[in-house]
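Note sheet for the following structure.
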Amino acid sequence: MVLLLPSVTGLFFFAFCGFTAMAMDSNNGVPVHYAVAGEKAAIPCNISTPLSDDQVSLILWYRVDMPNPIYTLDIRKRTIKEAKHFPSPEIKDRSYFNMNIHPPTLILEPARVEDEADYKCRVDLRRSRTLILHTRLHIIVPPGDPFIMDEHGQRLRDIIGPYDEGAFLTLACEVDGGDPSPEVTWWRGTTLLDDSFNVTPQGFVRNELFLFELRRSDLLAEFTCQATNTNLTRPRTSAVRLDLNLRPLEVKIAAPHYPLNAGSRKQIICETTGSRPRAILSWWLDGKKIGAGTTDTVSDGGNLTVSTLHLVPTPNDDGKILSCRAENPAVPNSAIEDEWTIRVHYAPIISLALGASISPSNIKEGSDVYLECNIRANPWVSDVTWQFEDHYVVSNKSAGIIISNQTLVLQSVRREHRGRYRCLAGNSEGQSVSDYLHLLVQYAPVCKLSDPKVYGVARAEVVNVTCEVEADPPDVNFRWALNNTLEVVNLQKWWSEGSRSVLSYTPRTLAGYGLLLCWGNNVIGGQRDPCVAKIIPAGAPESPRDCAVTNQSSHSLSVECEPGYDGGLSQTFHLELYNSVVEHLAANLTRTDAPAFKVHALPPGTAFVLVLYASNGKGKSNSVALMASTLPPPERRTAEEDVAAVSPILGILIGVVAVLVVVAIVIIIIVRIQSSKRLSKDSAVQDESIRCETPLKKELEDSQEDRKGPDIIPFANETEVYFTGSASEQMRQIRSIHKLAGSPTELCQRTTDTRL
């Protein structure tokens, strides 16, 4: 096998045999053999033909620089195979002369540097002259192991790094020793990368490899520094493998192909590959990092990283950009990201506002008002409706109400339009309602109460008449006047606060009665129609009329009357029910609508006195008394009992006793009423007698004409005390009461203050 050797002056070819190479010295024709120090050196004895046993007798090896042979082969009187070997002490343990090959060769193993010399082989032939053959041995010293280091001189071995993808890397390889000087080269696998080297001042052979941009393909690639100065041995090598930090290669959001629903949790997945070490995934929404709600998993030895985002979208997320960012923190500027535009379906979001040019605090009657319903929705709304005070509003151009798309127009707005407005809209996600917008309309004062209020006032009596208006703004100035059909008189004694004014008024003559008129005025304008209060003469009410017991049962009584004149004021009706047996108040009832009463839970077969009267702010009317009794309980009978006949005389006695008891109770009641009235002042008695006498007489006359029923019998012509029962019993009771009660005037004086 022919191999190239390092250049040697005077050599023009070489051959390789075993571990020794041979060349010819062109100057003197001496063959040169090469051997590697530490390896086997072969020095041939270059005879032309193979030797036979009878041709040779002695072979001697000499080093030219030594006088004595270094190796002797004695074949005298023997065959070649039986020849005796005599190496010199210098090479005794590492030499052998091999006669079994052609040409015969002296082997030195291991070869040493000091073995380099010129050798001669002397062959003594039996029948011919002696042959002397010259050979030169050249010892090659192999280089030391390559030393790999970085640009800072730090030694590198095995796996180095990690280095960042795209980074610049310098690898230096230095080799010490070697004769001749070695070649130092860089290899990647079987590919030669760099064969330029130099010798440093320190005598090292150095080769620097520059990797300008580390690529993904360089991950764990082996870079070998090789040093060689001969083809006789394998090159000396040192190798390193590169560990790299790799950028993420790809990132992708596995997003759904349909809109999300607001408020519903959705899982969104992001995957990245190619990063070393594994990539860090992060989620961003419109440029803001999402800090929570994510979980990461790693697989495929760290090459695949999956992040799951648990997203609960809101309406505000619609149209925003969701980004998934993959980044290797070890590699600067390695972040890559994928984006997805979020589509969110949500129910309408509504806000209600006045038109842009309308000031909410400066809306006056007669102006036009625009209400805008601002809507955000996805998908868009199917309908928009309006409500005023929770009642739906429909378009009515004649009334000045116009609905156009998302706008409600109120033309020539009036105070009736004040109140709460809201708009409603719906889509496939649901129905939504806006907050209330309270529309305020400024207007001139108007009366708060539409019906005139009636005041019953006596002469020289002071009454406070209230005038209350509605107005916006509520700061109102008032004026008062009296219209008595003869003239309109302006009044002065009043005070006001806000939208309320109070007049202190006293009618002193008949002309002081009539209509009190009140007007208000604010910054919007004056009141068009005045507020009215009627001032009429007033007194105590009249007694109820036409009273009768309308229904009787074992446990209840019903009585109804017609109301008398109320005295110009609202009146209240009273019923006091007295038990005639035990002599105490059994019931006390009051009504304001009508003098009709029903009393329950009464004992059966019991006599009662019913006292009725009316009252108002000026006093009480005279009382009206009725007598009634509940029905007795039904008799119990059995099939085995014989009905006993009651003696007529015994029945009469029982009736007499019952009548006497009832009469006694009525007398006690009347006496107590009389005693109470005598304690009142004389002036009050006189006043009440005058007021009572005339209406009483009129009522008694009417009652004598109209009420001639068999069950109701009046007592004389001056009283309103009535009793119910049979005609004979009524007459006896009336006579007894007539003897005890005194004059009709005294009976009239008994008011509803009386209690038994």
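Give the residue that is surrounded by the most Cβ atoms within 10 Å (Cβ to Cβ), with candidates limited to residues of segment 35-50 that are in a loop (DSSP other than H, G, I, E, B) and of a type in the set (A, V, I, L, M, F, W, C). If you could, list the steps in order and put the result at the bottom.
Our first condition is that a residue be in a loop (DSSP other than H, G, I, E, B); within segment 35-50, this holds for 37-40, 45-50.
Narrowing the set further to residues that are of a type in the set (A, V, I, L, M, F, W, C) leaves 37, 45, 47.
Details: Ala37: 18, Cys45: 23, Ile47: 18.
Within segment 35-50, the match that is surrounded by the most Cβ atoms within 10 Å (Cβ to Cβ) is Cys45.
Quick one: would you say Lys77 is over 60 Å from the mean Cα position of the chain (by Cα) and modelled with pLDDT of 85 or more? Write out each step before concluding.
Numbers: over 60 Å from the mean Cα position of the chain (by Cα): yes; modelled with pLDDT of 85 or more: no.
Answer is no for this residue.
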Just to be sure I understand, how many residues within segment 257-292 are in a strand (DSSP E or B), in contact (Cβ under 8 Å) with a residue 12 or more places away in the chain and not aromatic (Phe, Trp, Tyr)? 15
Considering each residue of segment 70-91, count those that are free of Cβ contacts under 8 Å to residues at least 24 places away in the same chain, outside any loop (DSSP other than H, G, I, E, B) and surrounded by 12 or more Cβ atoms within 10 Å (Cβ to Cβ), and give that number. 5
Going through (1) hydrophobic (A, V, I, L, M, F, W, C); (2) assigned to a strand (DSSP E or B); (3) over 30 Å from Gly263 (Cα atoms); (4) open to solvent by 40 Å² or more (accessible area, probe 1.4 Å) one by one, Leu408 fails only at (4)
Give me the pairs: first residue in segment 293-320 and without any contact (Cβ under 8 Å) to a residue 40 or more places away in the chain, second residue of a type in the set (Gly, Ala, Ser) and assigned to a loop (DSSP other than H, G, I, E, B), beta-carbon distance under 7 Å, and six or more apart or on different chains, which are they? Asn303/Gly274; Thr305/Ala279
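Can you pull out the strands (runs of 3 or more DSSP E) entirely within segment 108-150 that have at least 2 residues that are of a type in the set (D, E, K, R) and crowded, with 16+ Cβ neighbours inside 10 Å?
Numbers: elements: 117-125, 131-140, 147-149.
Output list reads 117-125.
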Report, by residue number, each residue of segment 293-304 that is over 28 Å from the mean Cα position of the chain (by Cα), surrounded by fewer than 16 Cβ atoms within 10 Å (Cβ to Cβ) and either assigned to a loop (DSSP other than H, G, I, E, B) or on the phi > 0 side of the Ramachandran plot (or both). Asp300, Gly301, Gly302
Taking Ala538 as meeting all but one of (1) within 30 Å of Leu449 (Cα to Cα); (2) among the aliphatic types (A, V, I, L, M); (3) open to solvent by less than 10 Å² (accessible area, probe 1.4 Å), write down the number of the exception. (3)
What tally of residues in segment 571-602 results from selecting those that are within 14 Å of Val549 (Cβ to Cβ) and either outside any strand (DSSP E or B) or of a type in the set (Asp, Glu) (or both)? 2
Enumerate the pairs (first residue in segment 504-532 and more than 20 Å from Pro452 (Cα to Cα); second residue anywhere and open to solvent by 40 Å² or more (accessible area, probe 1.4 Å) and hydroxyl-bearing (Ser, Thr, Tyr)) with beta-carbon separation below 7 Å, excluding pairs fewer than 6 apart on the same chain, so at least 6 apart or on different chains. none
Inside segment 190-214, can you point out the residues that are open to solvent by 60 Å² or more (accessible area, probe 1.4 Å) and assigned to a loop (DSSP other than H, G, I, E, B)? Thr190, Asp195, Ser196, Phe197, Pro201, Gln202, Phe204, Phe212, Glu213
Selection over segment 215-227 where residues are more than 59 Å from the chain's Cα centre (by Cα) and open to solvent by 30 Å² or more (accessible area, probe 1.4 Å) yields a count of 1
Just wondering, is there one or more residues in segment 328-342 that are in a helix (DSSP H, G or I) and crowded, with 17+ Cβ neighbours inside 10 Å? no
Could you please find all residues in segment 418-445 being among the aliphatic types (A, V, I, L, M) and open to solvent by 40 Å² or more (accessible area, probe 1.4 Å)? Val433, Leu440
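Taking the condition surrounded by fewer than 19 Cβ atoms within 10 Å (Cβ to Cβ), modelled with pLDDT under 90 and of a type outside the set (Val, Ile, Thr), does Ser580 pass?
The answer is no for Ser580.
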Leading residue by the ranking (surrounded by the most Cβ atoms within 10 Å (Cβ to Cβ)) among those in segment 446-479 that are assigned to a loop (DSSP other than H, G, I, E, B) and over 54 Å from the mean Cα position of the chain (by Cα): Glu461
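The values are calculated or read from the model by the stated rules, or taken from the named source; none is laboratory data. Only a predicted model underlies this, so the values are computations on that prediction, with no experimental measurement involved. Don't worry about glycine lacking a Cβ; one is built from the backbone with ideal geometry, like all the others, and counts go over all protein chains shown. These area figures cover heavy atoms from the full protein model, side chains too; ligands, DNA and RNA do not enter into them. Shrake-Rupley method; radii C 1.70, N 1.55, O 1.52, S 1.80 Å.
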